[in-house]
Amino acid sequence: MSAARHAGERTGTGPATAAAAVVALVAGLPLLYVIVRAAGAGADTWGVLLDRRVPGLLATTLGLAAVVCSATLVLGAGLAWLTVRTDLPGRRVLAVLCALPLAIPPYVGAVIYADLLGPRGALQGVLEPLGVERLPSIFGFDGAAFVLILFTYPYVFLLASAGLAGLNPHYDEAVRALGGGPLLAARTAARLLLPALASGALLVGLYVLSDFGAVSLMRLDTFTTVIYAELGGRFDPPAAAALSSVLVVLTLAVLVGGLRLRGGGRYTQTGAGYARRTVRPLGRAKWPALTLVVLVLAATLGVPLVVLVGWTVESLGDQAIGDFGGWAANSLLVSGLSASVAVAVALPVAMAIARGSRFGRVLGALAQSGYALPGVIVALAAVAISTRFFSPLYGTLALLVIAFVVRFLPQAVQAEESGLAQIGGNLVDAARSLGASRRRAFAQVVLPLLRPSLVAAWIVVFLTAVKELPATLILRPIGFDTLPVRVWTPARDGLYAEAGPAALALVVLSALPLVVVLLSRRGTLLA
Amino acid sequence: MRRGALLLVAVLLAPAALSACGGSSADLVVYSGRNEALFKPILDDFAEASGLQVSVRFADTTDLAGTLLEEGGSPRADVFIGQDAGALARLGEKGRLAPYDGPALDQVPAELRSADGTWTGLSARVRVLIINTEELPEAERPESLFELTDPKWKGKVAAPNATNASWIGFISEMRLKRGEDETRAWLEGMKANGLAVLGSHTDVRNAVGSGEFQIGLVNHYYYELEQREGSPVAQVVTDQEPGGFGAVVNASSGGIVKGGPNPENAKKLMDFLLTTKAQEEFAGLNFEYPVVPGVPTEGLAPLESITGTGIELARLGPQVDKTLDLLREVGLES
């Protein structure tokens, strides 16, 4: 029994549970709202939507998720294997670089590639002398898939890298000793890595379902864009809620399916063994492999940075630096506040989950409903609930922060719960036996030990919040523009170059904490 | 314990700090459905001339109208500026606008403002086709909107989406003049013909200017702006034959929000927008038609030379929801 005991079980107190219940209730409100409002949408609304919109949207949205998941699995796992388990030249540096595209939001990627590959774009200019008059349009499904693949594969890459690093090389050696080729070795590794790969694909899938900016800029209708149009165009909350409910069900199905896949095929390593890190010599494949990695990095890091810097230099002077500082400060303010609040309110929830009671698990699940709620839906619920019941809250920064916290709470809860699980319960017992009160044992023993997890949770929430677009567009107070908003505003008018400076600032702002996390070897926490 | 206490204090203080941030200190709050690039210079001039601190929310006209309706009896905005008259007429009907009377209001033609003074046109515009001249020689250009469902234009036409109030106003006029069935058939024909639905008028004009599409459905000044950027574009004012549909003439409009926090400053802005100076900016910066006489246009064909549809703008108000329903049914929302 004692093996299963950890600090979480020892710190349960009435107030903490009450706090967890409040947090879970608030976090669960948007989901509740969507269900109630969708059920209340008239038969007419449902009829038109089910007949005219839902089938097409289902096909596009699911198709996009399937294509992007498959491609990121190949790309992410391939890069992870090359940088972790082979003698690829410069692999340590490359491993960090391969994760960095996470700092470039897919909608920024969409702005860049819409300009480069769009009509009369740079590529067309290069190809024109060769007689190419018109490129196939970048806009639509293919363009959206292309951009999402390039900028979401790091999720798979990070988890696969962590999985590979922890994988006992003996399996690889056994395959080789038995005469198996590299294909069989890869298949064996894939089986053992299934949980990590499934987690990565799940994150990518959830991202694709919730993406608004990249698909909009690529002119592709998915659930999020139509929900946004229902809200921003005709302001029809029941119709938006009806569509949202379909998207929530879809997201939950993907979530449950992904978690099943992750847990279902688990192969256990018996014992840690002697985990000497072996690398597979690539031999003659070394240089082609390196070329491949460099090409991927060129597309996901090199080209975007060159383009953004170019645009920024071009438009310097056109835009007031003061405005810029204001947008960056707003981004920092809203993301920083959201991260702090999320880290604080996630703690009682993580403790409730760690206690392991049924009630705790229910609270935990409710508090993590943000996973199934794309930004547009959280915003929809926030507008409707605040205008109806808490009207002073409407249009304030506080509402935006609350929406962010609800949306990103799952990440904080996960980080803190895994941190709590690693703190032995005997430490709390020892403190208590020495006469410390529960509160004191928590404050002086558990909390300091939990600090790395709290810091990691803060960074992860900050990193996601600073890039958030759709909820910000809908909920921001009057005159409150953030960097993502300032990327979006010119980009939706097709003025891609004007989005450059804000996009560059945004990328730098997200890259800083990302590099800190990557270098501290907590990379997998991002996912 | 100290750390725990600090955390607790931080959590307790956060809502207070946040609500402090939420309060607005502006002297005047404007909801602007007009594009920031086109309207901000004029507001900046007003702020400078009046010394008032102006706070603006730029978004789609439809979005802001919905927001204002949702805000109910305690609106945040003082002045509402819309891309088209229909949005204002709808707000007026729902009792969300206060009557305005100013020194220049009488000079605005009656057909460009409401009878009860709840809203007035600020600048006029004509719906036109913007044409890429490299892709489409003069002889081949369509002269009627109703030609555009012809298969020969398949995949060559772009329009804004249903968050665009001018586009909604245009469809409303077609519904009023040609009836529900013909409008639906036209929209379905356009959709079947691969009409590209883009994010905004600016996106449409860029896409036509670059040759991605041959034809775009826009307000006339988007043609003027694109042409002045050096793109190979021309405009066609459609359906001008005698007895034809005519061209849709609409007005960007403004009104004072009923119950807004700063009614006096709201009136000052409305007065300013109808001054010769502001009207010159609408005409000079944006190539729109001024609504008060005596202000020159920037090389535009006189408004009187264009045959309109004859639909009064005030009639567009009750049509907004029905037009949005139709666009949704046809699947041309976004």
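Just one residue in the set B:Gly260, B:Gly255, B:Gly284 is part of a strand (DSSP E or B), outside the structural domain of B:Phe170 (by TED's automatic domain parsing) and either at pLDDT 90 or above or surrounded by fewer than 20 Cβ atoms within 10 Å (Cβ to Cβ) (or both); that residue is B:Gly255.
From the list B:Lys267, B:Lys277, B:Lys322, exactly one residue is within 19 Å of B:Leu88 (Cα to Cα) and more than 14 Å from chain A (Cβ to nearest Cβ). Which is it? Of the residues listed, the single one that is within 19 Å of B:Leu88 (Cα to Cα) and more than 14 Å from chain A (Cβ to nearest Cβ) is B:Lys267. Listed here are the strands (runs of 3 or more DSSP E) enclosed by region B:181-241 that have at least 3 residues being open to solvent by less than 10 Å² (accessible area, probe 1.4 Å) and aliphatic (A, V, I, L, M): B:215-219. Tell me which residues, restricted to region B:40-98, are free of Cβ contacts under 8 Å to residues at least 12 places away in the same chain, more than 10 Å from chain A (Cβ to nearest Cβ) and touching a Leu at 6+ places or on another chain (Cβ under 9 Å). Hit for region B:40-98 is B:Ala47, nothing else. Filtering A:Ala398, A:Ala443, A:Ala403 for residues that are more than 13 Å from A:Ser338 (Cβ to Cβ) and either in contact with a strand residue (DSSP E or B) (Cβ under 6 Å, 6 or more places away or on another chain) or outside any loop (DSSP other than H, G, I, E, B) (or both) leaves a single hit, A:Ala443. For region B:118-139, state whether one or more residues are free of Cβ contacts under 8 Å to residues at least 60 places away in the same chain and away from chain A (no Cβ under 14 Å). Taking every residue of region B:118-139 in turn, at least one turns out to be free of Cβ contacts under 8 Å to residues at least 60 places away in the same chain and away from chain A (no Cβ under 14 Å).
Scanning region A:406-434 for residues that are at pLDDT 85 or above and assigned to a loop (DSSP other than H, G, I, E, B) turns up just one, A:Leu434. Exactly one residue among A:Leu97, A:Leu50 is surrounded by 17 or more Cβ atoms within 10 Å (Cβ to Cβ) and of a type in the set (A, V, I, L, M, F, W, C), and that residue is A:Leu97. Could you please give the count of residues in region B:138-179 that are open to solvent by less than 30 Å² (accessible area, probe 1.4 Å) and under 24 Å from the mean Cα position of the chain (by Cα)? Going through region B:138-179 one residue at a time, the tally reaches 23. Scanning region A:402-446 for residues that are open to solvent by less than 20 Å² (accessible area, probe 1.4 Å), away from chain B (no Cβ under 14 Å), closer than 21 Å to A:Ile459 by Cβ and of a type outside the set (Val, Ile, Thr) returns A:Phe408, A:Leu409, A:Pro410, A:Ala415, A:Gly419, A:Leu420. Is it the case that region B:300-311 has a residue that's within 14 Å of chain A (Cβ to nearest Cβ), of a type outside the set (Gly, Ala, Ser) and touching a residue at least 24 places away in the same chain (Cβ under 8 Å)? No, there is no match, as no residue in region B:300-311 is within 14 Å of chain A (Cβ to nearest Cβ), of a type outside the set (Gly, Ala, Ser) and touching a residue at least 24 places away in the same chain (Cβ under 8 Å).
What about A:Ser245, is it more than 14 Å from chain B (Cβ to nearest Cβ), of a type in the set (Ser, Thr, Tyr) and surrounded by fewer than 23 Cβ atoms within 10 Å (Cβ to Cβ)? Give the steps one after another, and end with the answer.
Values: more than 14 Å from chain B (Cβ to nearest Cβ): yes; of a type in the set (Ser, Thr, Tyr): yes; surrounded by fewer than 23 Cβ atoms within 10 Å (Cβ to Cβ): yes.
When the stated conditions are applied, A:Ser245 passes them.
Report yes if some residue within region B:299-316 is over 16 Å from the mean Cα position of the chain (by Cα), basic (Lys, Arg) and either in a strand (DSSP E or B) or at pLDDT 95 or above (or both); otherwise report no. No, because not a single residue in region B:299-316 is over 16 Å from the mean Cα position of the chain (by Cα), basic (Lys, Arg) and either in a strand (DSSP E or B) or at pLDDT 95 or above (or both). The set of residues from region B:41-62 being out of contact with any Lys or Arg (no Cβ under 9 Å at 6 or more places or on another chain), open to solvent by 20 Å² or more (accessible area, probe 1.4 Å) and in a helix (DSSP H, G or I) comprises B:Pro41, B:Asp44, B:Ala47, B:Glu48.
In region A:25-135, which helices (runs of 4 or more DSSP H) lie fully inside it and hold 3 or more residues that are more than 30 Å from A:Ala503 (Cβ to Cβ)?
A:43-48, A:54-85
Given the conditions (1) aliphatic (A, V, I, L, M); (2) assigned to a strand (DSSP E or B); (3) buried (at least 24 other Cβ atoms within 10 Å of the Cβ), and given that B:Val128 satisfies all but one, which numbered condition is not satisfied? Only one criterion in (1) aliphatic (A, V, I, L, M); (2) assigned to a strand (DSSP E or B); (3) buried (at least 24 other Cβ atoms within 10 Å of the Cβ) is unmet by B:Val128, namely (3).
The values are calculated or read from the model by the stated rules, or taken from the named source; none is laboratory data. Just so it is clear, the structure is predicted and the values come from calculations on it, not from any experiment. Every residue, glycine among them, receives a Cβ derived from its backbone with ideal geometry; neighbour counts consider all protein chains shown. Areas reflect the complete protein model, heavy atoms only, side chains present, ligands, DNA and RNA absent. Shrake-Rupley method; radii C 1.70, N 1.55, O 1.52, S 1.80 Å.
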